[in-house]
Amino acid sequence: MPRLWRFEGTIDTDILAPGFYMKSPLHELARHCLEAVRPDFARSVVKGDVLLANANMGVGSSREQAAEVLKYLGISAVIAPSFAGIFYRNAINLGLPVFTIDEKLMSIPALADGAEIEFNFDDAELQILDNATCIKLIPLPNFLKKLILDGGLVPHLEKRFEQEETQS
Amino acid sequence: MITLAKKLLSDASGKANLDVGDIIICNVDLAMIHDSGGPRRVKPILERLNRNVWDNEKIVVVTDHYVPAKSDETRAIQALTKKWVKDNQINNFYDEQGICHVVLPERGHLTPGLFCVGGDSHSPTGGAFGAYMFGIGATEMAGVLATGSIWIKTPETILMSWKNQLHKYVTAKDMMLAMCRKIGMGGGRYQAIQFAGETIRNLPMQERMTLSNMAAELGAQAGLIAPDETTIAYVEAAGGQVPNNWRNFQIETVEDTRNRMQFDAANLSPQIAAPHSPENSDDADEFQNTAFDVAYIGACTGAKYIDLLAAAEVLKGKRIAKGVTLKVAPASLRDQHRATEDGIMQVLEDAGAEFLANSCGICAGYGEDRLAEGQVCISSTARNFKGRMGAQSSSVYLASPYTVAASAVTGKLTDPRLVMGE
Ligand code: SF4
């Protein structure tokens, strides 16, 4: 069953993709994702898990890998009250779902680290199973939704060009 | 009244009445790429997409990072860049002419009202001309080159409002370091920062460029300045096409008055930012007696003509202190020629400066002049992150060209006003 990973403090790109391993291949870099704050994260995370972080998520450098490792590890959505701009762009362009949550909802006790969850991308809803709470996230504009569903910018463009060709 | 950011994005997207947060698709008027993040990174993606560039006239390619190319690896990068430029019939190719953010405006490519992207994080420099310009990564750049368009989330505007005149020997760089301290590196939250007020209106274009350039250090997406007569005179002299409607971009508003920050130039002293962040800034005299090894006048941020002129003002008739070196890498070939004609280069040389190529050089931690282990540098560049300009154990103080030059004279970090007897 997918779980919620809730992080305190500010999560920057160096915590997500540590500079020391930036030269390593993605699978190696991913093993060190978030290890500075949660050494067990990369080992324990399973496909479908959701990450909840504080405001200004992904602040730091422009490295695309900060979003890429989370996608590689199977994170199905990153939720935060706000995102650093370049991280937000990179995540969407690489096909990693990022959702903004109303800051006020952050204090709901159900949003606890380790809670069992079900995430609905289409409706932008996070179900907390233990106590049947449904958290409504701020929906993504259709354009960005499509970009993510296609797997990011490059596959999105591939698909678009294919369609244009068959039409012409 | 809409903000300047919204006006520019509205024009680029064809959508009126934009709200903050609206996602829009903008048509790109100009895409700038350089030798490091450009052809070598976008070529494979364009090949995967099986696409050519959307409009060869709207692309500008500059070589500035791996210049001069002295290794097999960097020579291969330059060869690839040249071949790509030729294959794609890019006419706007500036090979070893200087740093992209300086070359672009000096060749008349930036005018008010344009929507531009650059494959470099200091691309907000273009905002000094009343254009919307921001930096993107290689994947996104490939997307732009293939389609001529890009998505953008309509940003909120933060207005940095400056009043009064700067004192002598206090510059745009000092204003910026003071803003970095006040709002922090992430303080811009990827919004559009706009610089406004009488202090800004009295700045020449190359000083305004320093402000917009370092909007990147404030965490902003863009660093805008509304165009005025100074902008138009510069663009015309550079051979650019001034749009008839340029006055439509003379907008200085914010959505939320809480996003208007007030600064007073009359209270500003020369600033120095301590290692390893631009936000570690304080008045220069707080750092007196700090020793260093290298004084560097370089980068798009701090080695334009006006910066060379400032350094020469301090160094005229003086010699640099024993035990320190002064390295000067003029930001563009044109600026260097102009400085030579005006006798500026001679003054710098007589003072004991060594000259480096018109490229990113030490600022990008590139080349044999990069900082060695343990070296301390006072630099006119934009960033002093750990290890950026060389060895991990090196450290960098940031300051204006005046302050860098004055420090070179005394051998210690120095407020330029002390050297100039102000
Ligand atoms: S001079 Fe420095 S800041 Fe400017 S483009 Fe080059 S590396 Fe970037």
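A:Lys159 passes all but one of (1) touching a strand residue (DSSP E or B) at 6+ places or on another chain (Cβ under 8 Å); (2) under 27 Å from B:Arg51 (Cβ atoms); (3) of a type outside the set (Gly, Ala, Ser); which number fails?
(1)
Taking helices (runs of 4 or more DSSP H) that do not extend beyond segment B:2-91, which have at least 2 residues that are among the charged types (D, E, K, R) and more than 14 Å from chain A (Cβ to nearest Cβ)?
In segment B:2-91, B:4-13, B:72-87 are the helices (runs of 4 or more DSSP H) which contain 2 or more residues that are among the charged types (D, E, K, R) and more than 14 Å from chain A (Cβ to nearest Cβ).
Here is a check on your reading of the model: is B:Asn259 within 20 Å of B:His167 (Cα to Cα) and modelled with pLDDT of 95 or more?
no
Conditions (1) assigned by TED's automatic domain parsing to the domain that holds B:Ile183; (2) among the β-branched types (Val, Ile, Thr); (3) surrounded by fewer than 20 Cβ atoms within 10 Å (Cβ to Cβ); (4) in contact with a Leu (Cβ under 6 Å, 6 or more places away or on another chain), marked per residue:
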site	(1), (2), (3), (4)
B:His276	no, no, yes, no
B:Ser281	no, no, no, yes
B:Val294	no, yes, no, no
B:Ala299	no, no, no, no
B:Leu309	no, no, yes, no
B:Ala321	no, no, yes, no
B:Asp335	no, no, no, no
B:Ile344	no, yes, no, yes
B:Ile362	no, yes, no, no
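Could you tell me which residue of segment B:179-206 is farthest from the other protein chains (Cβ to nearest Cβ), considering only residues that are open to solvent by 30 Å² or more (accessible area, probe 1.4 Å) and part of a helix (DSSP H, G or I)?
B:Glu198
Within segment B:325-352, how many residues are closer than 19 Å to B:Thr301 by Cα and more than 22 Å from the chain's Cα centre (by Cα)?
Result for segment B:325-352: 1.
Here is a check on your reading of the model: is A:Met57 open to solvent by less than 20 Å² (accessible area, probe 1.4 Å), among the aliphatic types (A, V, I, L, M) and closer than 21 Å to B:Ser121 by Cβ?
yes
Hey, B:Ala216 hits all of (1) at pLDDT below 95; (2) of a type in the set (Gly, Ala, Ser); (3) more than 16 Å from the ligand (Cβ to nearest atom); (4) within 26 Å of B:Val235 (Cα to Cα) but one; which does it fall short on?
Among (1) at pLDDT below 95; (2) of a type in the set (Gly, Ala, Ser); (3) more than 16 Å from the ligand (Cβ to nearest atom); (4) within 26 Å of B:Val235 (Cα to Cα), B:Ala216 violates only (3).
Residues that are within 15 Å of the ligand (Cβ to nearest atom) and basic (Lys, Arg), at least 2 per element: which strands (runs of 3 or more DSSP E) completely within segment B:302-403 meet that?
It comes to none.
The rows are residues; the columns are (1) aromatic (Phe, Trp, Tyr); (2) touching a strand residue (DSSP E or B) at 6+ places or on another chain (Cβ under 8 Å); (3) surrounded by fewer than 23 Cβ atoms within 10 Å (Cβ to Cβ); (4) under 30 Å from A:Arg160 (Cβ atoms).
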site	(1), (2), (3), (4)
B:Gly113	no, no, yes, yes
B:Gly137	no, no, yes, yes
B:Pro155	no, yes, no, yes
B:His167	no, no, yes, no
B:Lys173	no, yes, no, no
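Read through the list (1) under 23 Å from B:Ile24 (Cβ atoms); (2) within 13 Å of the ligand (Cβ to nearest atom), then give the number of the only condition that B:Thr63 fails.
Every condition holds for B:Thr63 apart from (1).
Name the strands (runs of 3 or more DSSP E) wholly within segment B:98-178 that hold at least 3 residues that are away from the ligand (no atom under 16 Å from the Cβ) and within 14 Å of another protein chain (Cβ to nearest Cβ)?
Qualifying strands (runs of 3 or more DSSP E): B:149-153.
Is segment A:140-163 home to any residue that is open to solvent by less than 50 Å² (accessible area, probe 1.4 Å), more than 10 Å from every other protein chain (Cβ to nearest Cβ), part of a helix (DSSP H, G or I) and hydrophobic (A, V, I, L, M, F, W, C)?
yes
The values are calculated or read from the model by the stated rules, or taken from the named source; none is laboratory data. All values reported here derive from a predicted model rather than from experimental measurement. Cβ atoms come from the backbone with ideal geometry, glycine included; neighbour counts cover every protein chain shown. In case anyone asks, the SASA skips ligands and DNA or RNA and just uses the protein heavy atoms, side chains included. Shrake-Rupley method; radii C 1.70, N 1.55, O 1.52, S 1.80 Å.
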